[in-house]
1. Mind telling me which of Pro91, Pro29, Pro122 comes out most flexible in a GNM of the chain, alpha-carbon contacts under 10 Å?
2. Any chance you could give the angle, 0 to 90 degrees and rounded to 10, that helix 2-13 forms with the longest Cα principal axis of the chain?
3. Treat each spin label as a single point 7 Å out from the Cα along the C-beta direction, and report the His153 to Glu81 distance in nm.
4. Looking at the chain, what % of the alpha carbon pairs are farther apart than 29 Å?
5. Considering only His78, Trp159, Pro181, whose Cα is most displaced toward the positive end of the charge dipole of the chain, charges sitting on Cβ of Lys, Arg (+1) and Asp, Glu (-1)?
6. Mind listing which chymotrypsin sites (Phe, Trp or Tyr not before Pro) in region 86-151 are in a DSSP loop and have 13 or fewer other Cβ atoms within 10 Å?
7. What distance in nm separates the two pseudo spin-label positions at Ala145 and Asp107, each 7 Å out from Cα along the beta-carbon direction?
8. Would you mind checking the radius of gyration and Dmax of region 144-209 based on alpha-carbon positions, in Å?
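Bear in mind that the values in this text are calculations on the coordinates, not laboratory data. On a predicted model such as this, the values are computed, not experimentally measured, just so you know. Please note: Cβ atoms are built from the backbone with ideal geometry, for glycine as well, and neighbour counts cover all protein chains shown.
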Amino acid sequence: MDVDTSREHLRVLGAGIEHPSGIVDIYAPISGVITDQQVTTAAGIQGLSAAANPFTISDLSSVWILCDVYENDLSNVHLGESADIRLSAYPDNTFTGTISNIGSVLDPNIRTAKVRLEVKNPGLMKVGMFVTATFHGQKEQTHAAVPASAILHLHDRDWVYLAAGDKRFKRVEVKSGNTLPGNIQEILSGLEPGQRVVSNALELQNTVDQ
C-alpha cells in the first residue's frame, strides 16, 4: 500500500516512475509571476497534503492599486470613474485606472478610506510600488450650444457674432467643445446660455468685408 501511495505521489508530481531520480521537476499549473515564496534552496516541505503553498503565482497583466483617500474627498469619488496614475519609478508616464471598490471602513488615525483601482499593466508595474493617483470628480455644468454655422473660424480661433441691440453685432471669441446631434456645437466658454447669436456667421462676415 505504501509503495502504491508513493508511486501515485510521484506520478502527480510528474516524476518518471521507470527512471527514478533524486530531483523531481515540478511545473506550474498556470503562467504568471511568482509573488510569494515559502521555500528556499535545499529546504524541505511536507507531502501533497501540506497546507502551506511553496509558491504563489499571480497574473499581473491587470493589477489592483490601493489608494488612501481622505474622508473630505470621498464625495468626489465614485465607482466606475477613471483616475490618472503615475508611478514613482516612472514619473513621466501616465496610466488610466478605473475605480472598482471604495472601502466602507475609515482608518481612524489618518481618516482615509481605501479606494481600489483596476489598471492594465504594461509590464512596468510591480508588486509593492508606490503610485500617485489623481481623481476627477464629476460636477454638473451648463454650457451654451449654437448651430455649427454660427461659429466663424478665423486666425486659428473660433468666433460668434453676438447681438448687441439696435441692429448691431459684436464679434466675441469662444472655445468650442463637442459636436452634438443636429449639427449643433457645444460652447465651453465665451458665451452664456440664453445669449442670442447670428446663426450664419460666415455670411455676416462676408457682408461686413464687402
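1. Among Pro91, Pro29, Pro122, the largest GNM mean-square fluctuation belongs to Pro29.
2. With rounding to tens, the tilt is 30 degrees.
3. 3.4
4. Beyond 29 Å sits 61 percent of the P(r) for the chain.
5. The one lying farthest along the dipole's positive direction is Trp159.
6. Phe130
7. That separation, rounded to one decimal, is 4.4 nm.
8. Both quantities, over Cα of region 144-209: 11.1, 33 Å.
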